[in-house]
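J.: Pasting in a structure now, in structure tokens, and then I'll have a few things to ask.
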Amino acid sequence: MHKSLGAKIVEFAGFEMPVQYEGIIAEHLAVRNSVGVFDVSHMGEFFVKGKDALAFVQKVTTNDASKLVKGKVQYSAACYEDGGIVDDLLVYCFGDYFLLVVNGANVQKDFEWFSKNKTGFDVSLEDKSDDYSLLAVQGKNSITALQKLTGTNLSEMKYYTFTEGRVAGIDAIISRTGYTGEKIGFEIYVSSDKTISEKLWNSVFDAGKEFNIKPIGLGARDTLRLEAGYCLYGNDIDNTTNTIEAGLEWITKPDKGDFNGRSRIVSELENGVKRKLAGFIVDGRLVARHGYEIYANGAQSGHVTSGSFSPCMNKNIGLGYVQKQYSEPGTKIDIKIRNDFVNAEIVKIPFVGKN
């Protein structure tokens, strides 16, 4: 279906994925101005069940899952014992069991890590990733378009909640989270059966036709999340970074009790980190790419983790780790792009506020 829409296809995490259709900028602006659809069926879905389900989730994630009630979603992270990040993920609470939604590139690694941590817990852990197709429908007109297809009152759904219902006559998990920085957007989990997933795709596009709904590829997904200041695993966070230096203190709850990486995280909180992930805007037309060196006060201070042109700001933006003393907004930095040193300035993120 993606190929029939003219998608440029690339290999990603073992999947053939659309990187763009019409073009990254057009697709980016379609989401910001109206509504766009992402096929994110590559994401992983793990179900945690059993009498120790909550205790297990508490052990393997940094956020406090005891605060969840049925129908609530939580952004969290999983860490190794040394505090390095295994993955960032979503935790869905179904009452007495949980759904963990992980990054597609990390499904096998994450499942092996969680399985290794089951010792001592009365839980079952099931990888149901291949059983689900997943569409993310994002942008201000997503709610009006999707409401045509479901009896669930979407306007009553609060941010980071979910429900079970029907969309286009298909049994679905409907959630309201998002990875674009849009205030309005939904995810629809349905069976990966080809007939069912194609029916959902076609129904969503029929419902959004009046809003000029567009399919969105990986390229615009990256520029949208970067404008929102969201981390991308493998770029901005990985096993060499921890949640405190990555600016994810808000999903890190050491007071909840023991969890993987807690001692390192507590040490970082008590003693302070040496580096921080910061946002920056580049002067001029050159894009700061992943891995480029960042200089401050004449010496190398860190490196770029993500960089792109921002269609909404019409400027080149990025994220990178810098020594903590250079992480405050307003700090002038230089980025080595090829053989040139390009001026940039640390700014507060998100770069673009929620619409």
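The values are calculated or read from the model by the stated rules, or taken from the named source; none is laboratory data. Values in this document were obtained by computation on a predicted structure and should not be read as measured data. Every residue, glycine as well, gets a Cβ built from its backbone with ideal geometry; the counts of neighbours run over all protein chains shown.
J.: Of all residues in the range 269-284 being touching a strand residue (DSSP E or B) at 6+ places or on another chain (Cβ under 7 Å) and either of a type outside the set (Gly, Ala, Ser) or in a helix (DSSP H, G or I) (or both), which is surrounded by the most Cβ atoms within 10 Å (Cβ to Cβ)? Write out each step before concluding.
T.: First pass over the range 269-284, keeping only residues touching a strand residue (DSSP E or B) at 6+ places or on another chain (Cβ under 7 Å): 274-284.
Retained after the next criterion (residues that are either of a type outside the set (Gly, Ala, Ser) or in a helix (DSSP H, G or I) (or both)): 274-277, 280-283.
Details: 274: 11, 275: 19, 276: 21, 277: 24, 280: 26, 281: 17, 282: 22, 283: 14.
Looking at the filtered set, the residue picked out is 280.
J.: Something else now. Right, residue 275: out of contact with any Lys or Arg (no Cβ under 9 Å at 6 or more places or on another chain) and touching a residue at least 24 places away in the same chain (Cβ under 8 Å) or not?
T.: no
J.: List every residue pair whose Cβ atoms sit under 6 Å apart, with the two residues 6 or more apart in sequence or on different chains, where the first one lies in the range 92-115 and is in a loop (DSSP other than H, G, I, E, B) and the second, anywhere, is surrounded by 22 or more Cβ atoms within 10 Å (Cβ to Cβ).
T.: 97/53; 103/87
J.: Okay, next question. I need the full set of residues from the range 174-208 which are part of a strand (DSSP E or B) and either modelled with pLDDT under 95 or buried (at least 20 other Cβ atoms within 10 Å of the Cβ) (or both), in order please. Walk me through it before giving the result.
T.: Taking the range 174-208 first, the residues part of a strand (DSSP E or B) are 174-176, 185-191.
Correct list: 174, 175, 176, 185, 186, 187, 188, 189, 190.
J.: Sticking with this one: Taking the conditions exactly as written (touching a strand residue (DSSP E or B) at 6+ places or on another chain (Cβ under 6 Å) and under 25 Å from residue 58 (Cα atoms)), does residue 294 satisfy them or not? Show your work before the answer.
T.: Numbers: touching a strand residue (DSSP E or B) at 6+ places or on another chain (Cβ under 6 Å): yes; under 25 Å from residue 58 (Cα atoms): no.
Against the criterion (touching a strand residue (DSSP E or B) at 6+ places or on another chain (Cβ under 6 Å) and under 25 Å from residue 58 (Cα atoms)), residue 294 does not qualify.
J.: While we're looking at this one, here's another question. In the range 52-71, what residues are touching a residue at least 40 places away in the same chain (Cβ under 8 Å) and either in a helix (DSSP H, G or I) or closer than 20 Å to residue 128 by Cα (or both)?
T.: Hits for the range 52-71 are 52, 53, 54, 55, 56, 57, 58, 59, 60, 61, 66, 71.
J.: Looking only at the range 106-113, decide whether some residue is in contact with an Asp or Glu (Cβ under 6 Å, 6 or more places away or on another chain), surrounded by fewer than 19 Cβ atoms within 10 Å (Cβ to Cβ) and among the hydrophobic types (A, V, I, L, M, F, W, C).
T.: Restricting attention to the range 106-113, the residues satisfying the condition of being in contact with an Asp or Glu (Cβ under 6 Å, 6 or more places away or on another chain) are 106, 110-111.
This time we only want the ones that are surrounded by fewer than 19 Cβ atoms within 10 Å (Cβ to Cβ), so: 111.
Subsequent filtering for residues that are among the hydrophobic types (A, V, I, L, M, F, W, C) retains 111.
Checking the range 106-113: at least one residue is in contact with an Asp or Glu (Cβ under 6 Å, 6 or more places away or on another chain), surrounded by fewer than 19 Cβ atoms within 10 Å (Cβ to Cβ) and among the hydrophobic types (A, V, I, L, M, F, W, C).
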